[in-house]
Amino acid sequence: MLKEGQVRIPSGCAIAGIFSKDGKNFTGDVIVDAMTVMHDRSNGLGGGFAGYGIYNQYKELYALHVFYDNTSAKEECEKYLDSKFEIVNLSKIPTRKVDSIKDVPLIWRYFVAPDHNKLADSQLDEKEYVARAVIRINSTIEGAYVFSSGKNMGVFKAVGYPEDVGRFFCLDEYEGYSWTAHGRYPTNTPGWWGGSHPFALLEYSVVHNGEISSYDANRRFIEMFGYRCTLQTDTEVITYIIDYLVRKRGLTLDEVSSIIAAPFWSTIAKKTEDEEKLFLYFRCMFPSLLITGPFSIIVGFDGGMMALNDRLKLRSMVVAEKDNTFYVASEECAIRKMAPDIDNIWSPAGGQPIIVRLNCEDK
Amino acid sequence: MSINYVLPLFDVLRDPARCIKCRVCERQCANGVHSYDHELNLMLADEAKCVNCQRCVTLCPTRALAIRESENKMRANANWRESLIREIYKQADSGGVLLSSMGNPEDMPVYFDKILINASQVTNPSIDPLREPMETRVFLGKKNTPIKRTPDGRIIPETEPQLELSMPMMFSAMSYGSISYNAHESLARAAEELGILYNTGEGGLHQDFYKYSANTIVQVASGRFGVHKAYLEAGAAIEIKMGQGAKPGIGGHLPGSKITSDVSRARMIPEGTDAISPAPHHDIYSIEDLRQLVFSLKEATEYKKPVIVKVAAVHNIAAIASGIARSGADIIAIDGFRGGTGAAPTRTRDNVGIPIELALASVDSRLRDEGIRDHVSIVVGGSIRSSADVVKAIALGADACYIATAALLALGCHLCRSCQTGRCNWGIATQDPELTKRLNPDIGYRRLVNLMTAWNHEIMELMGGMGINSIEALKGNRLMLRGVGLNEKELEILGIKHAGE
């Protein structure tokens, strides 16, 4: 059977997120618990989480989480990392034994800083330097897969139900101001850990529910700019699109939403003249980055979170806010699990981005 | 005079029980096939003159007529096909180059027919175009300009010049001269009503049609016929014609008999003289020269109009397209080897060039590999026969399609492939006033609008089936295609998987 990345696997899913605008910390089990009530939206073939603010001790360093199939892949990858970065700390990521989590790969974590001279020689900015190294490892080192590469954030994912994955990675021992979660329902899978979500590049992590019909149009366009879609998943291509538009083209997340979930022409025609010109500009300039088909996504990033539905709202997604804490999930029950007495749960319109940020930027 | 070895291709079958000798067939046939014998009170036919245009059959009020392929056959020979033998007889007779018209009719692979389209089942929903918005609007032009902002951070929504189309189709270049005034009027009015564009071809622009300028692409070809400042300014876009799918590598020849006074004025050449376009542009012997012409035209029109470079699909098309994408052109139009023509040497039409499907796939892949796909839009033609071909072309990577033969069919063309004679019984490929008046532009334009509207509906249905609600998301979306009965190499070039994979 072909591995994920050699074949495209559609999947349905459950997603959830929690975000404290005040920068208050939650332990990971809050979001793990929320996923338990959406158990039936996954089928045990993938679950994962992303936490932000979890590595305050190393917040100036890039935290690389890596899966290895074998020790030779680890050796090769570490040799490459050594040549590109200063490795400040490395360790196995702590896990606990969970019966349902099987075929566990080697799971390592590296806190790194780009090698000064190499970075200067490369004439790249720091993030581009790191992103290229990650893409290089994932597309060329057989058996090595970097699944998290941001600062002061981390992705934890595996093949299994999300609640089991959360216990496996001891998420109750991490504290962060922002968490996203994903439970996966792939239609078929060889069960590769890298194929689980969230998908992340640098600080951006994406959890996604849906099967986008624009996939190959998006993939073939974004690959022009140095990205390699090694997993063939929607989430991967969405992450790259966001990274490209925000980091390389300097657009805001609101502007990105107007591109990937662009309003219909009939909606645009009703806008004010200035808005109409702007929306027309986006659709005219970035036609290949329009995403069609069902999706609900939660994008985690440094100091913020964005929730977005496709423009027809073909996937369920609800949001709520209470006491400066923002909640989002595929189903209301997951929000009620996190905040039982919440009363203002609502459903954003298709294509309407909901963006929340920390009130104080020092976090 | 020796014996004429060229025997009739067709039999004219007339049912005497039905024929009322009204002589409509006689009046309608510009080739003089039908005649009436007063003494015998009989309709006669000279089959040798028949081109099987179906005009008499269509207009016979009692349905007394049928045209069949002649049952008289030479002795069968798989190597020496009868068509080859006939051509040898013709050439032995005339000593000339064989002439043909319309697209290559030979039995060569049609890749569109070996590609199948996807649809949504279970894992994502199909979308019903009757109930949900389904968008087919397309912008053609450069998309690679930097994003600019005002000092307070607002985006300045300015782009390079773009062509806006309500649907991903345009009428391809057909010159006034090769086709009639009424045919041009039909195309121009249909383009205006549909929100798309038609193309003047290399014959200049009749003064009556300047009012359709917002829906007009003006062509600049190697003969530079009819090119002047007002002409360039009249177009919504300017197309430099480097080549044509039906006759790559050679120029054009409009016989003097078609250069009537109006045609001569539009082309700016004397009445009755042959209009011969050279094979190359004599100011373009390489890619750097093309760049100069692109920018000359942009200078002349103040950088307000996109410039299209049209080339025939030839073996090295991917590298050629890459060169064009770097030449400053906004749009590349590629014409496949099945593209039509009003006249071309038969050997060229039937043996030169490559299928548009393969050319398109390799150009799109190459431009992406080089990271310059967004520097240009790609328009393909030659030949796009149905809305399914349009959908497949866009999924392979085209931004829009050029439609010409299908448009002529809508106007009544029956593909008899005799345009070069100038005696088109349907009033399309002729300048004979007795014939041109047979095409009523009020009806013709309506039929073109109907055809494109119908195709656009079908495109929406196919998109909706795939769960795609905007044409942008179909462009280059090759996962939506599968091949059937194609070999590994063909699949590799097309960049698609085989059905079942």
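Laboratory data are not the source of any read-out in this text; all were calculated from the coordinates shown. Please read all numbers here as calculations on a predicted model, not as lab measurements. FYI the Cβ positions are ideal-geometry reconstructions off the backbone, even for glycines, and counts take in every protein chain you see.
Worth pointing out:
- Cross-link reach is defined here as a Cα-Cα straight distance under 15 Å, omitting same-chain residues fewer than 8 places apart; for B:LYS211 the aspartates and glutamates meeting it are B:GLU185, B:GLU192, B:GLU193, B:GLU233.
- No Cys partner within the rule (Cβ under 4.7 Å), chain B: B:CYS19, B:CYS22, B:CYS29, B:CYS50, B:CYS60, B:CYS401, B:CYS413, B:CYS419, B:CYS424
- Positive end of the dipole of chain B (Cβ unit charges, origin at the Cα centre): among B:GLN207, B:PRO157, B:MET169, the Cα lying farthest that way belongs to B:GLN207.
- By the rule of a C-alpha distance below 21 Å, with chain neighbours fewer than 8 residues away ignored, the lysines paired with A:LYS271 are A:LYS313.
- Beta bridge orientation in chain B: antiparallel %, DSSP, nearest 5: 40 percent
- Three-way shape label, the range B:138-498, alpha-carbon gyration tensor, a/c 1.5: rounded
- Dividing the mean sequence gap of close Cα pairs (under 8 Å, 6+ apart) by how many residues chain B holds gives a relative contact order of 19 percent.
- Overall, the anisotropy analysis places the range A:291-337 in the oblate class: the square-rooted eigenvalues a ≥ b ≥ c of its C-alpha gyration tensor yield a/c not less than 1.5, with a/b not exceeding b/c.
- For A:207-214, mean number of other protein chain Cβ atoms within 10 Å: 5
- Exposure proxy order (Cβ contacts within 10 Å, fewest to most) of B:ILE276, B:ILE324: B:ILE276, B:ILE324
- FRET efficiency estimate (nearest 0.05) - Cβ-Cβ, B:SER35 to B:ASN316, R0 51 angstrom: 0.45
- Unit charges at the beta carbon, dipole of chain A: most positive-side option, A:PHE199, A:TYR177, A:GLN232: A:GLN232
- Taking the Cα centre of the protein assembly as shown as reference, the dipole from Cβ charges on Lys and Arg (+1) and Asp and Glu (-1) amounts to some 1740 debye.
- Listed residue pairs exceeding 25 Å between alpha carbons, taken from A:LYS270/B:LYS298; B:LYS21/B:LYS90; A:LYS248/B:LYS148; B:LYS229/B:LYS310; B:LYS49/B:LYS437: A:LYS270/B:LYS298; B:LYS21/B:LYS90
- Potential extension, A:THR272-A:ASP33 segment - 0.36 nm per residue separation minus Cα distance: 81.6 nm
- Think of the range B:342-501 as a dipole: +1 on every Lys or Arg Cβ, -1 on every Asp or Glu Cβ, centred on the Cα centre; then among B:MET466, B:GLY427, B:GLY353, B:GLY427 lies furthest on the positive end.
- For the cross-link pairs A:LYS59/A:LYS337; A:LYS97/A:LYS127; B:LYS114/B:LYS241, the ones whose C-alpha atoms lie over 32 Å apart are A:LYS97/A:LYS127.
- Neighbour-count order for A:CYS360, B:CYS29, fewest beta carbons within 10 angstrom listed first: A:CYS360, B:CYS29
- Peptide ranges A:248-256, B:193-201, B:178-186 listed from the most packed, as the mean C-beta count within 10 angstrom indicates: B:178-186, B:193-201, A:248-256
- Nearest-20 debye value, chain B charge dipole, Cβ charges on Lys, Arg, Asp, Glu: 300 debye
- Chain lengthening between B:ILE156 and B:ASP11 when straightened (0.36 nm per residue, less Cα-Cα): 45.4 nm
- When both bridge partners sit in the protein assembly as shown, DSSP labels roughly 75% of those beta bridges antiparallel.
- The simple spin-label model puts a point 7 Å past each Cα toward its Cβ; for A:GLU332 and A:GLN123 those points are separated by 5.8 nm.
- Based on Cα contacts under 8 Å between residues 6+ apart, chain A shows a relative contact order of 26 percent.
- Length added when fully stretched, B:LEU232-B:LEU59, from 0.36 nm per residue minus Cα-Cα: 58.1 nm
- Among B:SER470, A:SER196, the order by Cβ neighbours within 10 angstrom, fewest to most, reads B:SER470, A:SER196.
- Inter-site label distance for B:ALA214 and B:GLU47 at 7 Å from Cα along Cβ, in nm: 5.5 nm
- Electrostatic dipole magnitude of the range A:214-315 [Cβ: Lys, Arg +1; Asp, Glu -1; Cα centre; debye, to 20]: 180 debye
- Normalised contact order of the range B:10-96, rounded percent, pairs of Cα under 8 Å and 6 or more residues apart: 33 percent
- Here B:LYS247 is the anchor, and the aspartates and glutamates within straight C-alpha reach of less than 19 Å, apart from those fewer than 8 places off in the same chain, are B:GLU87, B:GLU106, B:ASP107, B:GLU202, B:GLU239, B:ASP274, B:ASP335, B:ASP350, B:GLU357.
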